[in-house]
1. Considering only the stretch 1-53, state which residues are in contact with a strand residue (DSSP E or B) (Cβ under 8 Å, 6 or more places away or on another chain), exposed (fewer than 15 other Cβ atoms within 10 Å of the Cβ) and β-branched (Val, Ile, Thr).
2. So Leu108 passes all but one of these: (1) out of contact with any helix residue (DSSP H, G or I) (no Cβ under 8 Å at 6 or more places or on another chain); (2) at pLDDT 95 or above; (3) outside any helix (DSSP H, G or I). Which condition number does it fail?
3. Can you give me the number of residues within the stretch 1-27 that are among the polar types (S, T, N, Q) and either free of Cβ contacts under 8 Å to residues at least 60 places away in the same chain or in a helix (DSSP H, G or I) (or both)?
4. Kindly evaluate Ile74 against the criterion of being under 25 Å from Val114 (Cβ atoms) and modelled with pLDDT under 95.
5. How many residues, within the stretch 28-65, are in a loop (DSSP other than H, G, I, E, B), in contact with a helix residue (DSSP H, G or I) (Cβ under 9 Å, 6 or more places away or on another chain) and either within 18 Å of Ala5 (Cβ to Cβ) or of a type outside the set (A, V, I, L, M, F, W, C) (or both)?
Amino acid sequence: MEAKAILKNVPTSPQKMRLVVDLVRGKSVNYSLAVLKFQSKVGAAYLHKLLLSATSNWQQANPESRIEEADLYIKTVFVDGGRMLKRMRPAPQGRGYRVRKRSNHITLVVDSKVKAVVENNISEN
């Protein structure tokens with residue numbers, strides 16, 4: 001059983017957030033939480049909170065299972081571009097330079113390795 005969490009309009013550029021996301025893609029939840037907690041990039045705090053939310057969503061969908069025994073991992077995580085605030089900055093000779101303040105949307109899916117192994121054994125028999 002998988003659980004999903006979405007965070008919209010994070011005020012960092014998608015390119016910077018993808019650098020953080022690439023650190024934890026496909027890794028276990030415990031490892032990812034430890035990496036994100038001590039990561040110095042701004043996007044790591046947002047992703048850490050989103051991962052806790054996805055884990056909580058998984059727990060609520062599976063009340064009979066324990067998180068410690070489920071061996072959760074990040075199945076899918078991707079970053080899409082969000083809205084862009086457009087501003088003008090004064091430039092020499094009466095011109096104006098564009099300033100584009102980017103944002104992004106993060107989608108994170110966690111799944112249990114234990115459940116996947118059990119389903120594969122049933123389908124082989």
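1. The one that is in contact with a strand residue (DSSP E or B) (Cβ under 8 Å, 6 or more places away or on another chain), exposed (fewer than 15 other Cβ atoms within 10 Å of the Cβ) and β-branched (Val, Ile, Thr): Ile6.
2. Exception for Leu108: condition (1).
3. Residues of the stretch 1-27 among the polar types (S, T, N, Q): 9, 12-13, 15.
Next, only the ones that are either free of Cβ contacts under 8 Å to residues at least 60 places away in the same chain or in a helix (DSSP H, G or I) (or both) stay: 15.
Final tally of qualifying residues: 1.
4. Numbers: under 25 Å from Val114 (Cβ atoms): yes; modelled with pLDDT under 95: no.
No, not satisfied.
5. At the first step, the residues of the stretch 28-65 found to be in a loop (DSSP other than H, G, I, E, B) are 38-41, 62-65.
So of that shortlist, the ones also in contact with a helix residue (DSSP H, G or I) (Cβ under 9 Å, 6 or more places away or on another chain) come out as 38-39, 41, 62, 65.
Add one more test, that the residue is either within 18 Å of Ala5 (Cβ to Cβ) or of a type outside the set (A, V, I, L, M, F, W, C) (or both), and what stays is 39, 41, 62, 65.
Residues that pass the stated criteria total 4.
The values are calculated or read from the model by the stated rules, or taken from the named source; none is laboratory data. It should be emphasised that the depicted structure is a prediction, and the values quoted were computed from it without experimental measurement. Cβ atoms come from the backbone with ideal geometry, glycine included; neighbour counts cover every protein chain shown.
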